[in-house]
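K.L.:
Dropping the structure in here first, questions after.
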């Protein structure tokens with residue numbers, strides 16, 4: 001066992017793989033395989049079998065879990081970095097690699113986050129190749145529509161989704177060279193299946209929702225009671241939203257809204273409610289045009305937490321029947337007022353033409369909660385609003401870290417200055433920049449200075465700590481200074 005462990009003592013933070021030599025090795029194997037049929041397949045199958053056997057010997061409670069996880073990622077990169085695997089006849093090898101990955105994801109020594117971290121050092125083209133070969137095989141398998149009773153094929157689809165999911169989260173969490181989300185879309189789902197998505201979604205909603213996947217917490221046992229294996233491959237993609245394009249995600253949100261509204265309507269019309277006098281089966285909002293914000297706030301507060309009923313909007317003193325048009329006008333007028341810079345809730349950057357929460361707002365957090373509810377209701381009721389918020393805002397709603405690229409989108413001028421600091425690598429950095437760990441900003445015409453760390457005014461920014469300075473600078477402006485307002489907004493948004 002000691003010998004086996006020594007074989008895996010590689011640098012933990014680098015791939016430590018000579019891909020040029022690896023490519024030449026594969027070329028030699030394929031050349032031999034041309035002369036003797038089946039050599040390539042035999043070598044790959046034996047390699048995967050040996051790897052599986054070797055890892056199965058490791059102590060499940062080993063303290064070397066991080067090292068084993070990193071080594072498994074290196075093995076994945078070695079096995080998947082073969083152009084020949086794009087050929088359909090080698091699909092079985094991809095299946096075996098995916099099976100191996102699924103088996104190790106459930107092992108106690110597997111450290112998913114550590115393994116993802118290692119992938120940030122993999123060249124972008126290699127990274128793309130590793131998941132693209134799985135994507136192609138997954139697409140082909142879905143196009144063939146696995147037989148309803150073929151559990152082996154259903155498990156193959158599951159495992160291919162899981163290995164792609166690993167690469168997706170690695171691309172979002174650790175890689176510095178941003179990979180477009182479009183790269184992960186599954187074309188067969190977004191095109192050929194789009195007219196069937198509603199039926200698939202209802203199947204998923206009825207029997208599978210929430211059982212399987214939550215950003216790394218994986219339990220994909222096909223034997224879970226109540227799951228129809230015959231529709232497994234058709235609904236599994238919903239657990240992996242990266243596989244869907246924006247149009248189909250919008251469709252699923254609409255389907256979810258329809259289902260939730262019907263459920264709330266049913267609950268409001270049950271026999272007990274009728275006998276007790278009945279509950280209003282609708283979320284009714286009546287507002288005066290000259291008191292839009294206050295009336296909306298009062299209506300939503302009086303409705304309590306029941307916001308998922310079918311919505312009806314009425315303007316006081318007007319005979320309009322709400323068939324969608326009144327709702328849309330209501331949302332448009334309300335958002336226009338709330339985003340008015342004069343109202344004080346949001347700031348407007350004239351260069352980027354984007355809004356951000358005002359750190360100087362006098363409004364109570366309850367108003368920001370109202371804003372969150374309004375935007376959530378608009379999405380829930382399938383209304384598209386003309387709102388100019390940067391990507392950073394949506395990342396914050398998802399709990400994702402805001403970076404320099406995000407900040408630069410909102411504030412190009414300051415963002416470019418921060419980037420010039422990041423890119424400056426000369427020895428005279430301190431003399432040229434003359435910076436310390438503080439941030440300067442304006443509040444009601446007064447210029448203020450805030451320490452980014454304790455005694456920040458006494459700590460110079462250097463070549464060694466400049467990245468920390470930039471991270472803290474962005475964190476202050478995009479997170480800390482607006483934290484109470486954003487939390488209130490998100491609390492309201494999440495109610496819908």
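The values are calculated or read from the model by the stated rules, or taken from the named source; none is laboratory data. All of these numbers come straight from a predicted model, not from anything done at the bench. Note that we place each Cβ from the backbone using ideal geometry, even for glycine, and neighbour counts take in every protein chain shown.
K.L.:
If residue 310 satisfies every condition in (1) modelled with pLDDT of 90 or more; (2) touching a helix residue (DSSP H, G or I) at 6+ places or on another chain (Cβ under 6 Å); (3) surrounded by 17 or more Cβ atoms within 10 Å (Cβ to Cβ) but one, which is the exception?
P.N.:
With (1) modelled with pLDDT of 90 or more; (2) touching a helix residue (DSSP H, G or I) at 6+ places or on another chain (Cβ under 6 Å); (3) surrounded by 17 or more Cβ atoms within 10 Å (Cβ to Cβ) applied to residue 310, the lone miss is (1).
K.L.:
For residues that are within 16 Å of residue 465 (Cβ to Cβ) and over 36 Å from the mean Cα position of the chain (by Cα), tally how many sit in the range 434-448. Working first, answer last.
P.N.:
Going through the range 434-448, the residues within 16 Å of residue 465 (Cβ to Cβ) turn out to be 434-439.
This time we only want the ones that are over 36 Å from the mean Cα position of the chain (by Cα), so: 434.
Total meeting the criteria: 1.
K.L.:
Restricting attention to the range 353-376, which residues are at pLDDT 90 or above and out of contact with any helix residue (DSSP H, G or I) (no Cβ under 7 Å at 6 or more places or on another chain)?
P.N.:
353, 355, 358
K.L.:
Out of (1) assigned by TED's automatic domain parsing to the domain that holds residue 120; (2) at pLDDT 80 or above; (3) in contact with a helix residue (DSSP H, G or I) (Cβ under 8 Å, 6 or more places away or on another chain), the odd one out for residue 178 is which?
P.N.:
Among (1) assigned by TED's automatic domain parsing to the domain that holds residue 120; (2) at pLDDT 80 or above; (3) in contact with a helix residue (DSSP H, G or I) (Cβ under 8 Å, 6 or more places away or on another chain), the lone unmet condition for residue 178 is (2).
K.L.:
I'd like the residue in the range 8-24 that is surrounded by 12 or more Cβ atoms within 10 Å (Cβ to Cβ) and assigned to a helix (DSSP H, G or I) and, out of all such residues, is modelled with the lowest pLDDT.
P.N.:
Looking at residues that are surrounded by 12 or more Cβ atoms within 10 Å (Cβ to Cβ) and assigned to a helix (DSSP H, G or I), I get 19.
K.L.:
Please note which helices (runs of 4 or more DSSP H) are completely contained in the range 378-496 and include at least 1 residues that are free of Cβ contacts under 8 Å to residues at least 12 places away in the same chain and either in contact with a strand residue (DSSP E or B) (Cβ under 9 Å, 6 or more places away or on another chain) or surrounded by 13 or more Cβ atoms within 10 Å (Cβ to Cβ) (or both).
P.N.:
Details: elements: 391-397, 404-410, 412-423, 429-433, 466-478, 483-494.
Filter on the range 378-496 gives 391-397, 404-410, 412-423, 466-478.
K.L.:
Scan the range 371-388 and give yes if some residue there is under 30 Å from residue 249 (Cβ atoms) and over 27 Å from the mean Cα position of the chain (by Cα), otherwise no.
P.N.:
We begin by selecting, within the range 371-388, every residue under 30 Å from residue 249 (Cβ atoms); these are 371-388.
Checking which are over 27 Å from the mean Cα position of the chain (by Cα) leaves us with none.
Scanning the range 371-388 turns up no residue that is under 30 Å from residue 249 (Cβ atoms) and over 27 Å from the mean Cα position of the chain (by Cα).
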